[in-house]
Every structure is written in structure tokens, then in C-alpha cells.
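Report on the following structure.
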Amino acid sequence: MNKHLKYAVGCAAVLMLGACAFDGKLQRPEAEADPYEAVNRKIFSFNEGFYENVMFPIARGYRKVTTPFIRERVRGVVSNLQEPVSAANHLLQLEFVDSLQNLGRFALNSTLGLGGMFDVAQGWKLEPKKTGFNETMASWCVAEGPYLVVPFLGASSPRGVAGTLVDAAADPVYWVTYQDANIRDKIRYSYSAVKYTAVAEAYMDIYDDLKRNSVDFYSTMRSAYQQNQSKYKCRFAPADDSQSYDFDFGVEDEDMTDSE
């Protein structure tokens, strides 16, 4: 295991410690879910400035010099490269059929679909089944933890940050390039730039619409994130090891009463 993967897994483990105590609730009531609101709001304001002054201008320039057809092809390639990550997480969630379906989609779209530019797998009735390590942890009843706003990335939680780190370490682009120092940084940085520009372009209009129609944009984004997380269910609850010691010596209470 190289140092970058060790760092990602180590950070994920540390972050999970703050959210791993399971009390039967994967999410918190909204009143309890944001104990760091004052700090979160400051980071949220920083992110707003970054999006509106850096990311979205880049995304608008990207939209201006490309066509919808090209942007759809780029999104297809980026999405296809995440299929192995979803396959691994479905496996961890004991969803073996879905894991095989992700691998089948990756094989078909990487070859017949020209690297994912075209989703030919849907023609074979292999629909996308996207998932990640955040959902994997939720399936195994790891509590979400408090709401966090992460610099540059936005709304998250300790479990969400851990999931992001592990998914990033599992990205096939990382594994294909990490041994070759000559191409590693060039490919990885180029891929990351294309990936996040495509994501920003896809969600820029939704972001603007939510902001325009929100009285408190921070609360709107927090509620949207929490609603999205609520779809994750605890499916593999830990066994209850507590035992009830009800000693029965074969004497009924009525018999004891009658004998008195």
C-alpha cells in the first residue's frame, strides 16, 4: 500500500471514529444535526465565493466552447470510470448482482461504448447502479455524524468525508497511474480538472436556481443534503448481544401462591 492510499484510508478511519457509534439513528433531527453551524456558515460563504468566482466562470467557459453532444460524451467517460468504484461498494453491501452489473457496464461501455462516451450497456438492459462508500457505511449502520460544510466540496458529514476519501482512493485512474511518476500527475490532474469542470457545469443551473429562490440559502442546502442522505438505510444492524436472564425453575407463580 503506497503512502497516498495509506493517507486516504487513515483519514477515513479517523473521521469514521466520530460517527461510528450506532444508536439506531443514521441521521439526526435537524435541530441536532448542525452543532457547528457558526463555523459551517463561514465555510459555506467561502465556498460560495469560490464557486461563483472560480468554478462557475470556468464551467461557463467550458459550456461556451463545447456543444451539448460533447459535454454528454465527457460526462459519459467520467461516469464510466466510476463504475468499478460502484462495483466494489455493491460488493461490500453484499449486493452481488448489482456489483456484476456495474462491471458489465464498465466492460461494455469501455469497449463498444468507446471509453464510456456512449452508454451501450443500457441497450443490454444494464441500467446504472451508482453507489459509494458513504452508502456502504450507512448500510452497515455507521451513523452519519454531525453536518459539516467542507472547504471546496460543500455539504457533508464525517461519514460523507470518509466515503469521499475512500472512493477517491479506489478510483481506477488512481490505480492505473500511481506507479508511473512520469504520467501520474499529468493524467491525474487533467482528469480531476475535467471531472470537476463537468460536474460544475452540470449542477451550476440547479445551484443558481436554488440560491435565487431561497430565503436562507445555507438552510436550503443543508435540508437538501439531509433529505438526500435520508435515502440511505441501515440494512446490516449489529446483533444485540444483551441477554435477558429470566431464571425459570419450573415453579409457576400461581403454584407458589396456592402453597402459601
Requested in this report: Please give the number of the condition A181 fails out of (1) in contact with a helix residue (DSSP H, G or I) (Cβ under 9 Å, 6 or more places away or on another chain); (2) modelled with pLDDT under 75.
Outcome: (1)
Requested in this report: State all residues of segment 50-78 that are of a type in the set (D, E, K, R) and closer than 11 Å to V199 by Cα; if no residue qualifies, say none.
Outcome: R71, R75
Report summary line: In segment 155-196, residues that are buried (at least 18 other Cβ atoms within 10 Å of the Cβ), closer than 29 Å to S223 by Cβ and of a type outside the set (D, E) total 13
Query - Test: residue in segment 46-56 that is aliphatic (A, V, I, L, M), free of Cβ contacts under 8 Å to residues at least 40 places away in the same chain and part of a helix (DSSP H, G or I) - result: yes
Report task. Please work out which residue is surrounded by the fewest Cβ atoms within 10 Å (Cβ to Cβ), limiting yourself to segment 197-212 and to residues that are of a type outside the set (V, I, T) and farther than 15 Å from Y62 by Cα. Result -> R212
Report summary line: Among F96, F69, F106, the single one that is surrounded by fewer than 18 Cβ atoms within 10 Å (Cβ to Cβ) and farther than 26 Å from D208 by Cβ is F96
Query raised in the report: If you go through segment 119-132 one residue at a time, do you hit one that is surrounded by fewer than 17 Cβ atoms within 10 Å (Cβ to Cβ), at pLDDT 95 or above, within 30 Å of S223 (Cα to Cα) and within 14 Å of the chain's Cα centre (by Cα)?
Result: yes
Query - Condition met for A143 (in contact with a Leu (Cβ under 8 Å, 6 or more places away or on another chain), among the aliphatic types (A, V, I, L, M), closer than 24 Å to Q226 by Cα and not in a helix (DSSP H, G or I)) - result: yes
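The values are calculated or read from the model by the stated rules, or taken from the named source; none is laboratory data. What you see is a predicted model; the values in this text were computed from it and never measured. Glycine gets a Cβ as well: all are built from the backbone with ideal geometry, and neighbour counts include every protein chain shown.
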